[in-house]
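Heads up, the thing below is written out as structure tokens.
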Amino acid sequence: MSDAESRRKALVEVYSEASICERCPLSETRNRVVFGSGNADADLMFVGEAPGAEEDRQGLPFVGRAGNFLTQLLEGIGMKREDVFIANVLKCRPPGNRDPEPEEIDSCRPYLERQVELIQPRVIGTLGNFATKLLTANQTGITKVRGVPQQHLIGGRHLFLLPLFHPAAGLRTPRVAEQLREDFRQIPEPLVQEREPEPDQMGLFGG
């Protein structure tokens, strides 16, 4: 078994564990666990906040209006959703789409760290405050750090991290939408540096 195959197999095992998770009270109110979707060998990974109502119904991340905008942003830099892997800080929907609570973030964090470890992205785009603060281990708000590339050790890997506004904020505010388009244009540069041969596309979890 190749390294890529073994990583995919391990990722499926993490998904199986997450799908029956009862580490926090969100397990009592969810319809489906939203583990993530896309290319399990992606160089580029996005991490959002938490599933919404439509995501909870389908079991897939970013399938509502914010997801459509994310797709447009990717197309604007010549990429498709199938090229990337998309996940969230929380794998279950908070009731009423309220903000994630510290206990919930702590409960879900091991899943996200394993995803990063197994997918091995070279760049992570953090979408919004919660993902940015968690993965940078810094409480500075997204408004101050958006669009400024950072380097971090996450899931045992040194990688680029690009803080980004959440696409939902772009839907509400045209200025934020334009800033998102501007920040997305920074993404291709670190991805083309020392790029390895294209891996097979593996959409393990749909999307």
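The values are calculated or read from the model by the stated rules, or taken from the named source; none is laboratory data. Since the model is a prediction, treat every value here as computed from it, not as a measurement. Because the Cβ atoms are built from the backbone with ideal geometry, glycine has one as well, and the counts that use them run over all protein chains shown. Accessible surface is based on the protein model in full, side chains and every heavy atom, while ligands, DNA and RNA are left aside. Shrake-Rupley method; radii C 1.70, N 1.55, O 1.52, S 1.80 Å.
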### Message
Scan the range 181-193 and tell me whether some residue there is more than 19 Å from PHE69 (Cβ to Cβ), modelled with pLDDT under 95, in contact with a Leu (Cβ under 8 Å, 6 or more places away or on another chain) and among the aliphatic types (A, V, I, L, M).
### Response
yes
### Query
Looking at (1) open to solvent by less than 40 Å² (accessible area, probe 1.4 Å); (2) of a type outside the set (D, E, K, R); (3) closer than 17 Å to GLY170 by Cβ; (4) out of contact with any Gly (no Cβ under 8 Å at 6 or more places or on another chain), which is the only condition ASN68 fails?
(1)
### Query
Which numbered condition trips up ASP41, out of (1) open to solvent by less than 10 Å² (accessible area, probe 1.4 Å); (2) in contact with a Pro (Cβ under 6 Å, 6 or more places away or on another chain)?
(1)
### Query
Among the residues of the range 120-144, which ones are at negative phi and either among the basic types (Lys, Arg) or open to solvent by 30 Å² or more (accessible area, probe 1.4 Å) (or both)?
ARG122, ASN129, PHE130, LYS133, ASN138, GLN139, THR140, THR143, LYS144
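Looking at the structure I just gave you, is ALA40 over 26 Å from GLN179 (Cβ atoms) and of a type in the set (A, V, I, L, M)?
Working: over 26 Å from GLN179 (Cβ atoms): yes; of a type in the set (A, V, I, L, M): yes.
Spelling it out, ALA40 is indeed over 26 Å from GLN179 (Cβ atoms) and of a type in the set (A, V, I, L, M).
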### Task
Say whether the condition of being in contact (Cβ under 8 Å) with a residue 40 or more places away in the chain, open to solvent by less than 10 Å² (accessible area, probe 1.4 Å), touching a Gly at 6+ places or on another chain (Cβ under 6 Å) and aliphatic (A, V, I, L, M) is met by at least one residue in the range 73-84.
yes
### Query
Given the residues GLU49, GLU55, GLU22, which is the only one that is modelled with pLDDT of 95 or more and surrounded by fewer than 16 Cβ atoms within 10 Å (Cβ to Cβ)?
GLU22
### Of all residues in the range 1-16 being touching a helix residue (DSSP H, G or I) at 6+ places or on another chain (Cβ under 8 Å) and over 18 Å from ILE86 (Cβ atoms), the one that is modelled with the highest pLDDT
ALA10
### Task
Tell me, yes or no, whether the range 99-116 has at least one residue that is buried (at least 19 other Cβ atoms within 10 Å of the Cβ), in contact (Cβ under 8 Å) with a residue 60 or more places away in the chain and among the aliphatic types (A, V, I, L, M).
yes
### Message
modelled with pLDDT of 95 or more and farther than 17 Å from VAL47 by Cα: which single residue out of THR173, THR126, THR132 fits that description?
### Response
THR173
